[in-house]
1. Criterion first (part of a helix (DSSP H, G or I), within 30 Å of A:Ile51 (Cβ to Cβ) and either open to solvent by 20 Å² or more (accessible area, probe 1.4 Å) or hydrophobic (A, V, I, L, M, F, W, C) (or both)) does B:Leu302 satisfy it?
2. For segment A:140-175, which positions are aliphatic (A, V, I, L, M) and either in a helix (DSSP H, G or I) or open to solvent by 60 Å² or more (accessible area, probe 1.4 Å) (or both)?
3. I want to confirm something. Restricting to segment B:154-184 and keeping residues that are basic (Lys, Arg) and surrounded by fewer than 19 Cβ atoms within 10 Å (Cβ to Cβ), which single residue is farthest from B:Asp83 (Cα to Cα)?
4. Against the condition touching a residue at least 24 places away in the same chain (Cβ under 8 Å), among the hydrophobic types (A, V, I, L, M, F, W, C), crowded, with 22+ Cβ neighbours inside 10 Å and closer than 27 Å to B:Ile6 by Cα, how does B:Met266 come out, does it pass?
5. Quick check on my filter: what residues within segment B:276-299 are in contact (Cβ under 8 Å) with a residue 24 or more places away in the chain and open to solvent by less than 20 Å² (accessible area, probe 1.4 Å)?
6. Can you name every residue in segment A:31-60 that is in contact with a Leu (Cβ under 9 Å, 6 or more places away or on another chain), part of a loop (DSSP other than H, G, I, E, B) and within 27 Å of A:Phe200 (Cβ to Cβ)?
7. Looking for something part of a helix (DSSP H, G or I), within 30 Å of B:Glu223 (Cα to Cα) and open to solvent by less than 30 Å² (accessible area, probe 1.4 Å) - is there at least one such residue anywhere in segment B:307-330?
Amino acid sequence: MTKKILECQHLRKRFGKKEVLKDVSFDVEAGDILGFIGPNGAGKTTTIKLILGLQKINSGNVIINGYDVKKDFVKAIQKVGAIVENPDMYMYLSGRENLKMIARLYHNIDKERIDEVIKLSGLGNRIDDKVSKYSLGMRQRLGIAAALLPKPNLLILDEPTNGLDPEGIKTLRDLLTKLAKEEHMGILISSHNLLELESFCNKVCIIQNGVILESSAISELKKRMSDSVYVIEMDRVSDLYKIIDDKFEVINKNMFRIKINRDRVPKLIEKLVQNDYQIYQVAQFQISLEEAFLEKTGGNTID
Amino acid sequence: MINLMINEIVKIVKKKSFIIMLCIITGWAFLTNFIYRSFDDLGEMIEETSFTESEDEDAEDDIYLKIENAVTKEKKQLEKKYDEEAWQSYYIDNYLDEYLRTIISHDLGYDEDEDAYESNKVIYEEILKGLEDDDWRHVVKTEIKHYETQVKSDPSFKIDLEGAKIRLDKDIIYGDDYQNANLERLIDSQTSLWNISLYYKADLDDDYKLDKETIDKMDEVNETDYHNHREQYLTNKYALEHNLDFDKMGSNYTVFTQFFSEYSLMIVIMIFIIAGSMMSNEYSTGTIKLLLVRPYTRMKILLSKYLTLILSILFTIGITMLIQLIVGSIILDIKSLSMPVTVYSPITDTLNTYSLVSYLGLSTMGILPAILILATLSFMFGTIFNSKSLAITVGFVAYFIGNIFSVFIESGKAWLKYIVSFNWDWTPYIFNLNPTLKGLTFNFSVLICLLWLGAMLVTAFVVFKHKDINNI
């Protein structure tokens, strides 16, 4: 049985008259890597702030490890590691001093643990430089190290791939996968780079204008999205509109794409054959998560 | 909680502005001590110039001026015999006038009192003998003899008699050193007190003190006058007895007794920077999020910051004193620090003495409420409005407005006593001085200060508890 680490129940948040979160609910279980996806201004960061108690919840509940954030903040936050917005650090202190300051606020962090996360961060000798001399990517690495410092079982990362080089992204991906698998950590990760998430998330949650549009396993989502799109390759694609009533899209002079129900595929082929089209290939079209997402949200608009 | 505070201390100490402020305070200390040292040179310059008085020869027909000119001429004649630095010159310059005047006015035919002339003549000859024999004690003894006869007819000569006796007793050779100055001021204050007692037809006791009833009868100006002379009398008496030089400007001791007036601006600047940036910096750099996602309630986080602020106030005052101690010892001296501090209390009409250390400790306690309230104000603004510059500016504005309000003291309006700036200086209560406003009591001031502090802290805590951390 998997354990629910984070439960968001019917979260609502208003800023003045504008309601930025409308009934947001989702769960993160142990071992989950949940991709939290949405365009700018959709409410991703706000949701994360509500979870972490940085902003007041207007209605709804956040339960972390069985503790309500509103009532039992100290216990709820005890095993959470987080980066919100930017990996903000004290610029005039060195990386190590920043980590030491955080370590002081927990009972169970010793010097070995600090060295351990420094090793994980891959910052090497630069850890003793002032943070003001770090690049964004380096600060991101330090931020992740800081988030992991208290050995959390819930990790919340807001756009952690920002500023990371491809090597850094790969390291992060491997690290997160390992943490989820071996330490059964629940990870909530928001990002704009959807292709990034696709490769290692097992769940996805799409949010737009404060509403959760989709919340499901990533494989299921992909399957559902691509069910009805087919690419058909033929000798020609001319005059198709005379015989096909459905909407279709011509890709090139030999190929077109059509969105129809699986059951209607034999009928379509029959029709094409009757009209002397020579069919070379009928393929189910695999779309990326990014495309699925854009299809769902109808483009990258903020209202 | 302790760990939160350790973090706060690290944040303050590691900031560049902290080091810069310490450097500025050190620079200020050097400047202040150099100025104090130059005060002494300045004093000498003034004394030197005061010797070159111009003679007024025009009014030959004025009797008074005629006598004065003759006296001056005679004095110059006498002075020629002695070295400029010798005690004789000093004596002739300052003490001989009385005798000379009587003799000369008689010689010129203006004074007919033969008895006074004869007795004066005898004394004058004795004094001249003392001067010539280089025996200053003989001069004092002659004066004592003279005053002893005078006091029978005019009791006010008691003051001069006592003065001369002290001079003999304490071995104070005529000159312009501090013991002479102490003695002169003692005699001056005694004379003034004597005159006040004559005016009110009351008797001074042996310590030149008037009874309470007489003081109560006085109007405000005379009462202030009386207390000023009492302060001068008691202070100089103490200084004479213990052979102390309270006047020397260029001494580490003097800078320390003026510590808060010289350094309060530096101290509040440093404290406003700390207090104003404590919360607002966390907001503006986004590190507030780093701080709030820890297993501590917001109350504890803010409280730890506030307690750290109180510690840093004490630290700032302490380090400033240390800087003054070091800089003052380099530029001025270190020996004067062993001198006690005397504080006259007009309420008890007595002089209290403190060691310099306990005086500084007590003064710090007196000024602490003011600094704490200003720092809390700055802290509150930083917490509520996220703006460091606003928080620091508000602190300064309050600091200056608090001072400006003192112009209303004279108006005697009743509402003035509720203004915190009249209540936040507890120095008068600690040293038993008159309160800043008439009618204020210690308990009332404590209450007002606590109300202000409480209001500001509750506001800061309530706002912070419900604050949404916005995006930056």
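1. Taking the combined requirement at face value, the residue satisfies it.
2. So the first thing to find is which residues in segment A:140-175 are aliphatic (A, V, I, L, M), and the list is A:142, A:144-149, A:154-157, A:164, A:169, A:172, A:175.
A:Leu142, A:Ile144, A:Ala145, A:Ala146, A:Ala147, A:Leu148, A:Ile169, A:Leu172, A:Leu175, listed by residue number.
3. Step one: of segment B:154-184, the residues basic (Lys, Arg) are B:158, B:165, B:167, B:170.
Okay, now just the ones that are also surrounded by fewer than 19 Cβ atoms within 10 Å (Cβ to Cβ), so B:158, B:165, B:170.
Details: B:Lys158: 32, B:Lys165: 26, B:Lys170: 24 Å.
Filtering segment B:154-184 for residues that are basic (Lys, Arg) and surrounded by fewer than 19 Cβ atoms within 10 Å (Cβ to Cβ), the one farthest from B:Asp83 (Cα to Cα) comes out as B:Lys158.
4. Values: touching a residue at least 24 places away in the same chain (Cβ under 8 Å): yes; among the hydrophobic types (A, V, I, L, M, F, W, C): yes; crowded, with 22+ Cβ neighbours inside 10 Å: no; closer than 27 Å to B:Ile6 by Cα: yes.
Against the criterion (touching a residue at least 24 places away in the same chain (Cβ under 8 Å), among the hydrophobic types (A, V, I, L, M, F, W, C), crowded, with 22+ Cβ neighbours inside 10 Å and closer than 27 Å to B:Ile6 by Cα), B:Met266 does not qualify.
5. Once the filter is applied, which keeps residues that are in contact (Cβ under 8 Å) with a residue 24 or more places away in the chain and open to solvent by less than 20 Å² (accessible area, probe 1.4 Å), segment B:276-299 yields B:Gly276, B:Ser277, B:Met278, B:Met279, B:Ser280, B:Tyr283, B:Gly286, B:Ile288, B:Lys289, B:Leu292.
6. In the first step, residues of segment A:31-60 are kept if they are in contact with a Leu (Cβ under 9 Å, 6 or more places away or on another chain); the result is A:32-38, A:43, A:46-48, A:50-54, A:56-60.
Still in the running and part of a loop (DSSP other than H, G, I, E, B): A:32, A:38, A:43, A:52-54, A:56-58.
Hits for segment A:31-60 are A:Asp32, A:Gly38, A:Gly43, A:Leu52, A:Leu54.
7. Taking segment B:307-330 first, the residues part of a helix (DSSP H, G or I) are B:307-330.
From what is left, the residues that are within 30 Å of B:Glu223 (Cα to Cα) are none.
No, segment B:307-330 contains no residue that is part of a helix (DSSP H, G or I), within 30 Å of B:Glu223 (Cα to Cα) and open to solvent by less than 30 Å² (accessible area, probe 1.4 Å).
Every residue, every condition in (1) modelled with pLDDT under 85; (2) assigned to a loop (DSSP other than H, G, I, E, B), yes or no:
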site	(1), (2)
B:Ser105	yes, no
B:Tyr110	yes, yes
B:Tyr117	yes, no
B:Ile123	yes, no
B:Leu128	yes, no
B:Ile144	no, no
B:Asp176	yes, yes
B:Gln179	no, no
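The values are calculated or read from the model by the stated rules, or taken from the named source; none is laboratory data. All figures in this text were calculated on a predicted structure; none of them were measured in a lab. FYI the Cβ positions are ideal-geometry reconstructions off the backbone, even for glycines, and counts take in every protein chain you see. Only protein heavy atoms, including side chains, enter the accessible area calculation; ligands, DNA and RNA are left aside. Shrake-Rupley method; radii C 1.70, N 1.55, O 1.52, S 1.80 Å.
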